[in-house]
1. Using a Förster distance of 41 Å, how high is the FRET efficiency between B:V23 and B:Q124, based on the Cβ-Cβ distance and rounded to 0.05?
2. Once you treat every alpha carbon in segment B:148-300 as an equal point and sum by Debye, what is log10 I(q)/I(0) at q = 0.13, 0.20, 0.21 Å⁻¹?
3. So, R0 is 25 Å and r is the distance between the beta-carbons of A:L65 and A:H123; what FRET efficiency does that work out to, to 0.05?
4. Where the accessible area of segment B:250-346 is counted over protein heavy atoms with a 1.4 Å probe, how much of it, in %, is carbon and sulfur?
5. Averaged over all directions, how much area does the convex hull of the C-alpha atoms of chain B cover when projected, in nm²?
6. Mind listing the long-range amide H neighbours of B:I310? Cut-off is under 5 Å, sequence gap 5 or more, other chains count too, H placed in the peptide plane at 1.01 Å from N.
7. Describe numerically, in nm with one decimal, the distance between label points set 7 Å from Cα along Cα→Cβ at B:Q238 and at B:Q115.
8. Between B:N314 and A:A39, with labels modelled 7 Å along Cα→Cβ, what's the label distance in nm to one decimal, could you check?
Amino acid sequence: MAALIPNVISMKSEFIQATLETLYMTFGSAIIAAVLGLALGVWLVVTQPGGILADRVTYSILDKLTNLLRSVPFIILLAVISPLTNFLVGTTVGTTASLVPLIFGIFPFYARQVQNALLDVDHGVVEAAESMGSSPSEIIFRVYLKEGLPDIIRVSIVTVISLIGLTTMAGAIGSGGLGDIAISIGYARFENDITLVATLIILILVFAVQIIGDWLAKKVEHN
Amino acid sequence: MTANNIIELKNIDVTFHNGDQTVKAVQAVDLTIEKGDIYGIIGYSGAGKSTLVRVINLLQTPTNGTVTVNGQQLQQLAPAALRQARQKISMIFQHFNLMKSRTVLGNVEYPLLSQKISQAARQQKALQLLKLVGLADYAQTYPARLSGGQKQRVAIARALASDPEVLISDEATSALDPKTTKSILALLKKLNQDLGLTIVLITHEMQVIKSICHNVAVMDAGQIVERGRVAQVFTAPQAPLTVDFVETSTNVKAAIERITNTIDLAGLAANQELMYFNFIGNATKEGIISQYSQQYQLDVNILFANIDQIDGENVGYMIAIITGDLAAFNPAIAKRVADGVKTKIITTENGLEGLA
Ligand SMILES: Nc1ncnc2c1ncn2[C@@H]1O[C@H](COP(=O)(O)OP(=O)(O)OP(=O)(O)O)[C@@H](O)[C@H]1O
Ligand SMILES: [Mg+2]
């Protein structure tokens, strides 16, 4: 073991620390991005033409805004957003500071995914709810989010996995985490075993998310 | 408005704009439906039936005209009041539109979620309705496990949960086999009789109208082309489309097609004629034949005959080749018309047209 991964053994505590940082960045930003993304995704679905609160102007603005936010490369977003980060967190470097760009990097993506998931909810069921006198908010919570839940869980998995990918880039603003170890130690010092183990841990996280998510989606689906 | 009219649509237009295309889905339709009626709307695909009934609960806002249900002019209602009114106008659909994330019981409970009643009372009411439609054993099942007929029964139970005055059925039996269709129609009839529920029923099958409706409107290209008591409309159809529905449902259309395809009309002898008879009430096939053969010395060779019951009245359809003295035909035909028998000589030119 010591011969195979010599540098990792001596850096065990750093690895534990980095894994916790990655988890913190992923799930810390995921929770807030989920709220923002769900809200934006629902808003897009209900305001789009033919939606229960169809509003051409609102939809067009939201649609363009989502595309705009999605088209900023993450590594640039890290820099561009720093004034906002400073305002919200009080600093522009460190693990907590990275949450701000992570949230803005992922929630527009998530909103689109949620929008697509909700568009798959049978329009006939929505119409049935309207005919039963349901209000727009009742339709959102009792029909769209409930009927769309299995798909929402699936797109959430995809999103969390993308988010894990983004956290590795946040090392550029001193966020720490597994990506940071792999680059600033493994890559910079030619200690390949560090890079390898960091990658492995990331893969394990990805698989764990995938498996738990699939299980959850199956559990709530009644096809 | 008469107190007895539960639905009054006045001068309804619905126009859709698809890009630069304009579709007049409903044009200048007046529709009055009495409380307790079972009112059928029949028409081919694209006639505007769904659009018209979606106007009744304002799921479709009409471009023009007024919608009055249960004495309330719906267009004047605030959103919350309109939602309240909608609870009294239930709807069932061709594809059932059940929520797959909820159990059968959960689906039936859905309309009650926004009412201020306890969970226990809500469940009890839903269970009672499931009993009414014969599905109490399936309360905890998810809709994906049910057959089409069972799904429609759940949809009916759900539709009844809000104690509606009106039930709109948009092709509710179109996805079901004939036997299941029959049982669903029987259930609707029972609800009409037991609860006094007014039913508006859309279909493209005349059989459905004949089996449970009292009144019918025939729709074509956004307009109602004929309407009235079912017996009257289908025994004495006026509009070509109505004739078409009648002849299709009684197989007359298929028979004429088959016969004109197999018999060379031009090749009939000079003293022969292919004739189509339509008779109502007391006139019978045997009566016509015996009268023709005795009084006019005609030979009647029947190629097709069918008797249909519409609202308790017998309606007969017959296609036959008549051989004999041609000079006797005219008085014979004139005589039969006076008896409530309509006849028509089928020629190569008019072979496929109806009797209108
Ligand atoms: N939301 C819509 N936007 C644009 N056109 C529409 C819309 N709804 C219906 N139409 C058009 O209006 C016409 C009538 O449609 P409708 O669905 O009312 O017919 P229908 O008689 O119910 O037919 P079917 O038997 O196929 O259900 C059709 O030409 C249809 O394409
Ligand atoms: Mg339709």
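1. 0.35
2. The Debye formula, applied to the Cα set alone, gives -0.78, -1.30, -1.36.
3. Working: r = 25 Å, r/R0 = 1.01.
Working from the Cβ atoms, E equals 0.50.
4. Carbon and sulfur: 47 percent of the exposed surface of segment B:250-346.
5. Working: hull surface 88.6 nm².
Result: 22.2 nm².
6. Long-range HN contacts for B:I310: B:V315.
7. My value for the distance between the label points is 4.3 nm.
8. Reported label-point gap for B:N314 and A:A39 is 7.5 nm.
The values are calculated or read from the model by the stated rules, or taken from the named source; none is laboratory data. In this text the structure is predicted, and so the values were computed from the model without any measurement. Quick reminder, even Gly has a Cβ in these numbers, built from the backbone with ideal geometry, and neighbours come from all protein chains shown. Side chains are part of the model used for accessible areas, which takes the heavy atoms of the whole protein and leaves out ligands, DNA and RNA. Shrake-Rupley method; radii C 1.70, N 1.55, O 1.52, S 1.80 Å.
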